[in-house]
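The values are calculated or read from the model by the stated rules, or taken from the named source; none is laboratory data. These numbers come from a predicted model, not from an experiment. We place every Cβ from the backbone using ideal geometry, glycine too, and count neighbours over all the protein chains shown. Note: accessible area is taken over every heavy atom of the protein model, side chains too, but ligands, DNA and RNA are not part of it. Shrake-Rupley method; radii C 1.70, N 1.55, O 1.52, S 1.80 Å.
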Amino acid sequence: MAQRLATEYVNASLRLSEVQMSQFIHKVYDPHVRQRVKVLENGSQEVVLEDDGGEEVHLPFDRRDGYYVCELSFRLEKPHLTNVMRLLFAAFKGSGMVTRIYNGFMMMYYYQDGRVRKIVEYSKDSYKLVFELKDTLGELQRIYRNNDVEREIEYIHGSINTLLDKRIIANDPDAVNRIDDELRGHTRRLFALEA
């Protein structure tokens, strides 16, 4: 198995409520990672996570509209701190891009609300889509709600009724032929729509 050299968080963001912020501060269970919390002006906070090897990450949470918002980019190399950040990022529905760097290739994870939406593997000469989350349920719901076909069928039925009324009162054979051509066109379209 390839050994990870580093993990980079790019444009990472977390948005926590007051309760979630308290949970975030108490969520670190790794005995190799310590944390400090600095309370800043305006009620903002900075959470500092540090592992036994001295690597640390500063997570500034600004107070905005009743939430604690953290937006930043950073790089980690030690496994303990990397693992803690991965768990926190998923548990508190982080968004952004996480790049795991290995010798000779990189894996890019695109997160939205704590869920991986896409994974792409980049090597020196190529890239490969490994995973992409498809919104199958949403697509099926959109198709189910789409009633364009029913509306078109209803329109054609109305048009056929109007044409039949015109045909009954038409005296000119050319007008009757034009109406019949339109009726045949509508019949073919109805057959296609109802199939």
Query raised in the report: Taking only Cα atoms, what is the 0 to 90° angle, nearest 10, from helix 148-169's long axis to the longest principal axis of the chain?
Result: 10
Requested in this report: Relative to the longest principal axis of the C-alpha atoms of the chain, give the angle of the C-alpha long axis of helix 79-91, reported between 0 and 90° and rounded to the nearest 10°.
Outcome: 40
Requested in this report: State the percent of C-alpha pairs, over all pairs in the chain, separated by a distance greater than 31 angstrom.
Outcome: 48
Query - 1.4 Å probe accessible area per residue over the chain, in Å² - result: 67
Report summary line: The simple spin-label model distance between Asp181 and Asn42, using points 7 Å out along Cα→Cβ, in nm, is 7.2
**Report entry** Magnitude of the charge dipole, the chain, Cβ model with Lys/Arg +1 and Asp/Glu -1, debye to 20
**Finding:** 460
Query raised in the report: Measuring from a point 7 Å past the Cα of Phe74 along Cα-to-C-beta, which residues in the range 39-58 have an amide N at less than 16 Å?
Result: 39-40, 45-58
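Relative contact order for the range 101-188 using alpha-carbon pairs under 8 Å, separation at least 6, rounded to a whole percent?
Numbers: 62 pairs, mean separation 12.5, N = 88.
Reported as a whole number, the value is 14 percent.
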Query raised in the report: In whole percent, what relative contact order does the chain give with Cα contacts below 8 Å and a gap of six or more residues?
Result: 18
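So which of Lys27/Lys128; Lys93/Lys128; Lys38/Lys128; Lys78/Lys128; Lys38/Lys124 end up more than 32 Å apart, counting from Cα to Cα? Walk me through the numbers before you get to the answer.
Values: Lys27/Lys128 35 Å; Lys93/Lys128 26 Å; Lys38/Lys128 42 Å; Lys78/Lys128 27 Å; Lys38/Lys124 42 Å.
Cα-Cα > 32 Å for Lys27/Lys128; Lys38/Lys128; Lys38/Lys124; rest within.
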Requested in this report: Take the Cα coordinates of the range 77-167, assign each an equal point scatterer, and use the Debye formula without solvent to give log10 I(q)/I(0) at q = 0.14, 0.21, 0.24, 0.25 Å⁻¹.
Outcome: -0.69, -1.06, -1.17, -1.20
Report summary line: Counting only protein heavy atoms with a 1.4 Å probe and every protein chain in place, the carbon and sulfur fraction of the accessible surface of the chain in whole percent equals 51
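Would you work out the relative contact order for the range 22-111, in percent, from Cα pairs under 8 angstrom that are 6 or more residues apart?
Values: 119 pairs, mean separation 16.9, N = 90.
Relative contact order for the range 22-111 comes out at 19 percent.
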Query - Loop sites in the range 30-112: trypsin sites (Lys or Arg not before Pro), DSSP, at most 16 other Cβ within 10 Å - result: Lys93
Query raised in the report: Relative to the longest principal axis of the chain, what angle (0 to 90°, nearest 10) does the C-alpha long axis of helix 173-194 take?
Result: 30
